[in-house]
Every structure is written in C-alpha cells, then in structure tokens.
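Student: Before we start, here is the structure in question, set down as structure tokens.
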Amino acid sequence: MAALPSEMLYDIGNIAIYAFVLSSMFLTGLMVTIGDLMAPVRNRRLLSLALLSNFIIVPLIALTLIALIPMNPELAAGLLLVSIAAGAPSTAKVAQITGGTWPRRSP
Amino acid sequence: MTILMTIITILIMPILVPFILEGADAHPLDVLVNLVVLILIPILLGILVKSRSGALAARLRRPMDWISNLSIAAIFLSYGIIFLASIGEIVSTSTGATAVSVAVVFTLAALGLTYLLGRRFEEDSRMDLASGPGSGTSPQPSSWSLRALRTSRTMSFSWCSWSVSLR
C-alpha cells in the first residue's frame, strides 16, 4: 500500500476513534440516570462475577498465554492492556450489537 | 453493568498501566486525565442533559447514535483496510503470526470462560459478562447462531484493530 493512503487511513481511523468515544459515551449518558448506573450494584452476585471475570479471569488468561507462548515484550504488554480493559468505550457498542445490557431509551 | 465496568476500568487503568508498560513514559495522572476527559465527562454530561431536559436528551440521541455508528464504521474500515492490505506481511513474520494466533486464542478463551461463568444468569447478564472480552449466546439455537455470527464479526474487527495497533 502506498505511504500516503495508508497515512490517510490512519488519520481517518484516529479521528474516528475520538469521535466514536466521545459520541458513544455522551449517548450512554443521555440514556441513563444515576439510578440506572447503580442498579447492577444491587445484584451482588452478578457484580462479583463481573468483577471476577473481567478483572481476574481474563487477565489470568492473558498471563497464561504469555507464560505458555514465547512472545516479545511489546506483544505481551499489548495483550495485558487488552485483558484489563474490561470497560473499553467500544464495549458498550459491542453490548448493544450483541444484545447485552445497553441502556434502553427511557423517557 | 457495561457502564459500571467502564467506570471501574477508568479507576484501575491508571494504577495498572505504568506497571504493564514498565519503562514507558506512562504517568498514572496522564492516563487518568485522558480517561476522565474522553469517557467520564461525556457520560456525566449526558446524564446532566437528561436530568435537566428529557426532551433535549431525546432529540440528541438519534444524531449521537448516528455519529457513533458512522465513526465505528470508519474505524473498522480504515484499520480493516490497513490490516487486510498488510496481512500477508504481518503473518509472514513470527511476531505477526504469534500476535494473530494469540489474539484468536485469547478472544475465544475469554469469550468461552466468561460466558460459562454467567450461564446461570439471564441472557442480558451473560452478554454483559462476556462482552468485555468477547460476547455470548442465547439458549435458542437459531438465536445462538445469529448472535454468534454478529459477535464473530464484531470480534474479528477487534482483532484487526488490535493487530494493527501492535505494529
């Protein structure tokens, strides 16, 4: 691929990342109340499981892969970063696409 | 639950990133400021708008949804094209081949384990548990296939972005 189109694509992608993060987070705020945000806290079992799976199990999978598969430090760092990003901005959109608990529109 | 996980991520990322990126110039405060400005403030601003004027919030939802959908399409298209154009080059190196295979194994393992953990919960909750690293399914086989298809499509784009970002 020629250098210019590739650079242009990177620029488009980078601008789109900011547009996506800001718009989707603002949209999320437009759909919820503080009460909605705190609702999952009342389901302690689900909350514990979510914390366990997102912040313990998934990073452990990454650490296991790093231990088992020889890889350079940059790749290992990237994998660890991905593994601890449980609530990356794209997660809300993935939840919306796959039918998870994306905030439904309420009056 | 998804938003709650996002907020928890904002809190723990600044603490963990300097340890993960040892030797890199990643100050916890810089990481925190970036996450607060890009994620927390827009969420709080949206909540504020909704609490002050439900009508304005309702009017803003549609354009925001469009911007969000168009920009995620632009992300996947631009990085997808870059990734697909150089996929031969990426997988021909041992680092690239390792990155792609590790991404596939990691995503499948994370998706499977988190979904299995949430199997006693309702479908929405299972989806939430799995949608951080992957996503889940529903009990009906037809719906399962549809969701698996949607999920694999979404995740394949994530692999693309991730692999490109590693280059």
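Student: Give a residue-ordered list of calculated ³J(HN,Hα) values for the stretch A:52-62 (Karplus: 6.51 cos²θ - 1.76 cosθ + 1.60, θ = phi - 60°; whole Hz; x for Gly, Pro).
Tutor: With coefficients 6.51, -1.76 and 1.60, one gets 4, 5, 7, 10, 10, 5, 5, x, 5, 4, 4 Hz.
Student: Computed FRET efficiency, Cβ-Cβ of B:VAL49 and A:VAL41, R0 22 Å: what is it to the nearest 0.05? It would help to have the intermediate numbers written out before the result.
Tutor: Details: r = 23 Å, r/R0 = 1.07.
For B:VAL49 and A:VAL41, the calculated efficiency is 0.40.
Student: Can I ask one more? Could you please state, rounded to a whole Å, how far the C-alpha centre of the stretch A:49-73 is from the C-alpha centre of the stretch B:5-21?
Tutor: Computed from Cα coordinates, the inter-centre distance equals 15 Å.
Student: Testing the spin-label approximation: label points 7 Å from Cα along Cα→Cβ at A:THR64 and B:ARG59. State their distance in nm.
Tutor: 5.3
Student: Tabulate in residue order the Karplus-calculated ³J(HN,Hα) for the stretch B:100-109, using 6.51 cos²θ - 1.76 cosθ + 1.60 with θ = phi - 60°, rounded to whole Hz; enter x for Gly and Pro.
Tutor: So the Karplus estimates, Gly and Pro as x, are 5, 5, 5, 4, 5, 5, 4, 4, 5, 5 Hz.
Student: Using Cα centres only, tell me the gap between the stretch A:8-41 and the stretch B:40-113 in whole Å.
Tutor: Value for the Cα centre distance between the two parts: 10 Å.
Each value in this text was obtained by applying a stated rule to the coordinates, not by laboratory testing. No experiment lies behind these values; they were computed from the predicted model shown. With ideal geometry, Cβ positions are generated from the backbone for all residues, glycine too; neighbour counts draw on all protein chains shown.
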